[in-house]
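Taking it in order: structure first as structure tokens, then the write-up.
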Amino acid sequence: MGKREELVSKLRGTPEGLPSVEEVRAMLASDPELKCVVCYARISFDGRVKDAHGVEDQHRDMTETARRFGWLVVYRYTDNDKSASKENIVRDDFEQLLADLAAGTTPDGYPIHGVMAVNDDRLYRRPSDWERYLKAFTTQEGRVYHDSNGIQDLYAEGFEIKGLLGVAMSLSETRKKERRSRNSHRSRAIRGQSVAAWRPFGWEDDKVSLRPDEAEAIRQAVKDVIAGASISEITRRWKEAGFITSRGNAFQYQTVKQVLVNARLCGYREIKGELVRDGDDQPIVGEWEPIITPKEWFAVTAKIRERGRGTGMPRGGLVHKYLLTGILRCGHVLEDGTVCNNKMIGIKANDWLKYRHAYMCKKTVDGGCNKTYKRGDKTDKAIEELVIAKLERDAASKAQDVPDWDKADALERAVRSRNELERRWHDDEDTDIDDETFFRNLPVLERRIKELRADQRAHEALKAEAEEAKEDVRNAWGSKTLTQKREAIKKVLSAVIAVPGGKGNKTFDPELLKPVWRTSE
Ligand SMILES: [Zn+2]
């Protein structure tokens, strides 16, 4: 036996001086916190004695860490990677570890409550090794796992972590650290605790109770966005009101959007845009006070998604200053008998006038005829009255209830099927669900669930809108922002033709405004 093998063999098996199995069992009975762990180390390269000392270091580090946690090291597995060479006398301890994990005890009969490794790349050489390891590890509940990234919950993300995705070997140290922080986020999130590093806008520093003025601003913004207000408009309004983000920055389009689509608003917890759900697939409800109802949250996110078309960017980004720009068209009859029909522009009225803005046909150099001019206040008022009257007629005719979502059963069935598939796959007794069957069926069910959830969101949005429509149209109109009004006008009117009133300072005649209604579908 070479020097290296000698060293390695000393680093394998039950550590010297460990109490007997009976004694350890007695210790466990009196101290339920105590955990019996096993350590795994591997020599990575050739037969240099130095490498064997490396393994000695690995085991010493792990033993010290175990002592710090109050764990008892009951077995040491050490693989000598020179396994291909003839002089190899060390059997594959990794295989032994898997067998022992599955059996629940070390070769000498000590229970195994956890595994320690210096690095998880010490534990496996191929992705399938990691997969097999996880399977053996999770045959018992409540085991602990510790490596250079600290204690990690192999049950939480378990199989999804890496082995099955085949990316195990490529994970960099940074990625592992990210995952670790994500894991701890996730377990806290599952408990419904706040994981935000900063105070979320709308809440106090305790991240639980509401900051009234911010919460109210959010509540109003959600209401307005559902009714058609743009995020740019909310951004401007929040800036004007002097709100800043909890990090002390001015609000931007993106930060306002992030605030409004966050499930936290309705008390739900989400990670990376996905709701965190419990075992029954119900969203986890946080311990903080909600600002809006889940229904409102569904409606506002659906609205924002639909408008942004998933790009997350404002569409157009242009905030109009006047109600009817782009809607009013010049009705002046040109010399050749055709109508000018140019889109009129909004302008600031001259200082000496009683009204603040006006609409006019562009100058001839800009392609207009410059013949039509309308005072802004009366024009706006006249068109608003027309639209309100039209909306009132519409609301009366479509005030009937949107029926309840009729696919709740289908969603429940799909979720149940997926859970059942997972359960059976995890269940070793159930031999008809092998990995291949599992992964062939899982995406189908996942896609189905995703589609149904999208459908559910769309339906909730529709319902919220219908309820909104039933409210008193005129009052609702009064509280609309400019953008909301423009949206509403453009929904029912394709244009308004403004016929010029002739020369001189004539009184305003609403009859000279000719609405072009959209034919209702
Ligand atoms: Zn014109």
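Could you go through the range 415-435 and let me know if any residue there is modelled with pLDDT of 85 or more, closer than 29 Å to Lys463 by Cβ, among the hydrophobic types (A, V, I, L, M, F, W, C) and under 26 Å from the mean Cα position of the chain (by Cα).
Looking through the range 415-435, at least one residue is modelled with pLDDT of 85 or more, closer than 29 Å to Lys463 by Cβ, among the hydrophobic types (A, V, I, L, M, F, W, C) and under 26 Å from the mean Cα position of the chain (by Cα).
For the range 100-109, does any single residue satisfy the condition of being at pLDDT 85 or above, in contact with a Cys (Cβ under 6 Å, 6 or more places away or on another chain) and buried (at least 21 other Cβ atoms within 10 Å of the Cβ)? Let's see the steps before the verdict.
Taking the range 100-109 as the starting set, the residues that turn out to be at pLDDT 85 or above are 100-109.
Keeping just the survivors that are in contact with a Cys (Cβ under 6 Å, 6 or more places away or on another chain) gives none.
Within the range 100-109, none of the residues are at pLDDT 85 or above, in contact with a Cys (Cβ under 6 Å, 6 or more places away or on another chain) and buried (at least 21 other Cβ atoms within 10 Å of the Cβ).
Looking at (1) β-branched (Val, Ile, Thr); (2) within 18 Å of Glu487 (Cβ to Cβ); (3) without any contact (Cβ under 8 Å) to a residue 60 or more places away in the chain, which is the only condition Thr245 fails?
(2)
With the range 317-393 as the region, which strands (runs of 3 or more DSSP E) entirely inside it contain at least 2 residues that are within 15 Å of the ligand (Cβ to nearest atom) and touching a Lys or Arg at 6+ places or on another chain (Cβ under 9 Å)?
Details: elements: 328-330, 345-348, 357-360, 373-375.
Here the list reads 328-330, 345-348, 357-360.
Checking the conditions here, which among Lys50, Lys35 is at pLDDT below 85 and either of a type in the set (Lys, Arg) or not assigned by TED's automatic domain parsing to the domain that holds Leu134 (or both)?
Lys50
Every residue, every condition in (1) more than 30 Å from Lys490 (Cβ to Cβ); (2) assigned to a strand (DSSP E or B); (3) among the hydrophobic types (A, V, I, L, M, F, W, C), yes or no:
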| position | (1), (2), (3) |
| --- | --- |
| Lys207 | yes, no, no |
| Gln220 | no, no, no |
| Lys223 | no, no, no |
| Glu233 | no, no, no |
| Arg237 | no, no, no |
| Gly242 | yes, no, no |
| Ser246 | yes, no, no |
| Thr255 | no, no, no |
| Leu265 | no, no, yes |
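Can you name every residue in the range 489-508 that is at pLDDT below 90 and under 37 Å from the mean Cα position of the chain (by Cα)?
Answer for the range 489-508, where residues must be at pLDDT below 90 and under 37 Å from the mean Cα position of the chain (by Cα): just Lys491.
If I filter the range 263-272 for residues that are modelled with pLDDT of 85 or more, within 30 Å of Leu452 (Cα to Cα), of a type in the set (Gly, Ala, Ser) and away from the ligand (no atom under 16 Å from the Cβ), do I get at least one hit? Steps first, answer last, please.
Taking the range 263-272 and keeping what is modelled with pLDDT of 85 or more, we get 263-267.
Applying the additional criterion that residues be within 30 Å of Leu452 (Cα to Cα) yields 263-267.
Next, from what is left, pick out any that are of a type in the set (Gly, Ala, Ser): 263, 267.
Within this subset, residues satisfying the condition of being away from the ligand (no atom under 16 Å from the Cβ) are 263, 267.
Yes, there is a match, as at least one residue in the range 263-272 is modelled with pLDDT of 85 or more, within 30 Å of Leu452 (Cα to Cα), of a type in the set (Gly, Ala, Ser) and away from the ligand (no atom under 16 Å from the Cβ).
Does Ile161 satisfy the condition of being farther than 17 Å from Leu97 by Cβ, touching a strand residue (DSSP E or B) at 6+ places or on another chain (Cβ under 8 Å) and modelled with pLDDT under 85? First the steps, then the outcome.
Numbers: farther than 17 Å from Leu97 by Cβ: yes; touching a strand residue (DSSP E or B) at 6+ places or on another chain (Cβ under 8 Å): no; modelled with pLDDT under 85: yes.
The answer is no for Ile161.
Just a yes or no: is a residue in the range 1-13 modelled with pLDDT of 85 or more, within 24 Å of Leu154 (Cα to Cα) and assigned by TED's automatic domain parsing to the domain that holds Leu134?
There is no residue in the range 1-13 that is modelled with pLDDT of 85 or more, within 24 Å of Leu154 (Cα to Cα) and assigned by TED's automatic domain parsing to the domain that holds Leu134.
Run Ile347 past the list (1) touching a strand residue (DSSP E or B) at 6+ places or on another chain (Cβ under 6 Å); (2) more than 29 Å from Arg236 (Cβ to Cβ) and report the number of the one that doesn't hold.
Result: Ile347 passes all but (2).
Can you tell me which condition Ser83 does not meet? The list is (1) modelled with pLDDT of 80 or more; (2) surrounded by fewer than 15 Cβ atoms within 10 Å (Cβ to Cβ), and all the others hold.
For Ser83, the failing item is (1).
Kindly list, by first and then second residue, each pair from a residue in the range 366-392 that is of a type outside the set (Lys, Arg) to a residue that is in a helix (DSSP H, G or I) and within 16 Å of the ligand (Cβ to nearest atom), limited to pairs with Cβ atoms under 7 Å and residues at least 6 apart or on different chains.
Asn370/Thr364
Just to be sure before I move on: is Glu335 surrounded by fewer than 16 Cβ atoms within 10 Å (Cβ to Cβ) and either small (Gly, Ala, Ser) or modelled with pLDDT of 80 or more (or both) in the structure I sent?
Judged against the criteria, Glu335 is a match.
The values are calculated or read from the model by the stated rules, or taken from the named source; none is laboratory data. This one's a predicted model, so the numbers in the text were calculated from it and none came from an experiment. Cβ sites come from the backbone with ideal geometry, for glycine too, and all protein chains shown count toward neighbours.
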